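For reference, the structure discussed in these notes is given below.
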Amino acid sequence: SDWSSDVCSSDLDVGFKQGFLRTDGRLSRMDFFVRQICLELNMYVCLFVLSKLFGSGSVPFGLCAIAICLARTVLGIFAAIRRMHDLDRSGKKLLWCLLGLPIYYYGFLCLFKKGTDGPNKYGPDPLG
């Protein structure tokens, strides 16, 4: 297949939409890890600021917290799908995580298993 150079990028400075709001292409272990840490830190900072603005027991804080946690979860899933593509697996396999226990298996897989060398059906090698 002919893959354009923008299908997969290991640079984190490609912009929010290109770096986080997509499920196509592949994502290396390190980029996956860094994205997860950035998402987690941003979530905690936002929750901290909101708790100071509204009070941690208030309804506005609770509603904002739900929205922030949901957004973090969706963006984390997008990154995990791209990481699964690097392992030459469909992102649909992550649906098993809805059952609970497999979330640890796929979490360790995404963090520690080396991706496919060279291009695969999901795009070029992100380290490539």
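The values are calculated or read from the model by the stated rules, or taken from the named source; none is laboratory data. Keep in mind that this is a model prediction, so the values were computed, not measured. Quick reminder, even Gly has a Cβ in these numbers, built from the backbone with ideal geometry, and neighbours come from all protein chains shown. The area values use the complete protein model at the heavy-atom level, side chains included, leaving out ligands, DNA and RNA. Shrake-Rupley method; radii C 1.70, N 1.55, O 1.52, S 1.80 Å.
Relative contact order of the chain: what whole-number percent is it, with Cα pairs under 8 angstrom and at least 6 residues apart? Mind showing how you got there, number by number?
Values: 141 pairs, mean separation 47.6, N = 128.
Rounded, it is 37 percent for the chain.
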For the chain, built as a Gaussian network whose Cα springs stay under 10 Å, the top-fluctuating residue of 59, 45, 34: 59
Phi-based couplings in Hz for the stretch 122-128 (Karplus 6.51, -1.76, 1.60; Gly and Pro marked x): 9, x, x, 5, x, 8, x
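Can you quote the Å³ per residue value for the convex hull of the Cα atoms in the chain, rounded to an integer?
Details: hull volume 13.9 nm³, N = 128.
Convex hull of Cα atoms, per residue: 108 Å³.
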Choice from 50, 41, 101 with maximal GNM fluctuation in the chain (Cα, 10 Å cutoff): 101
Gaussian network model of the chain, Cα within-10 Å springs - most flexible of 87, 95, 75: 95
Of all accessible heavy-atom area on the chain, the percent that carbon and sulfur account for (1.4 Å): 68 percent
Label-reachable residues, the stretch 36-54, where backbone N falls under 12 Å from a point 7 Å from residue 111's Cα toward its Cβ: 36-37
Nearest 10 degrees, 0 to 90: helix 29-54 Cα axis against the chain principal axis: 10 degrees
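Nothing charged except the Cβ atoms of Lys and Arg (+1) and of Asp and Glu (-1): what's the magnitude of the dipole of the chain about its Cα centre? Round to the nearest 20 debye.
Numbers: 15 positive and 11 negative charges, 88 e Å.
Taking the Cα centre of the chain as origin, the dipole is about 420 debye.
Compute the accessible area per residue over the chain, keeping the other protein chains in place, probe 1.4 Å, unit Å². Intermediate results must be reported in sequence, preceding the final value.
Numbers: 8000 Å² over 128 residues.
The answer is 63 Å² per residue.
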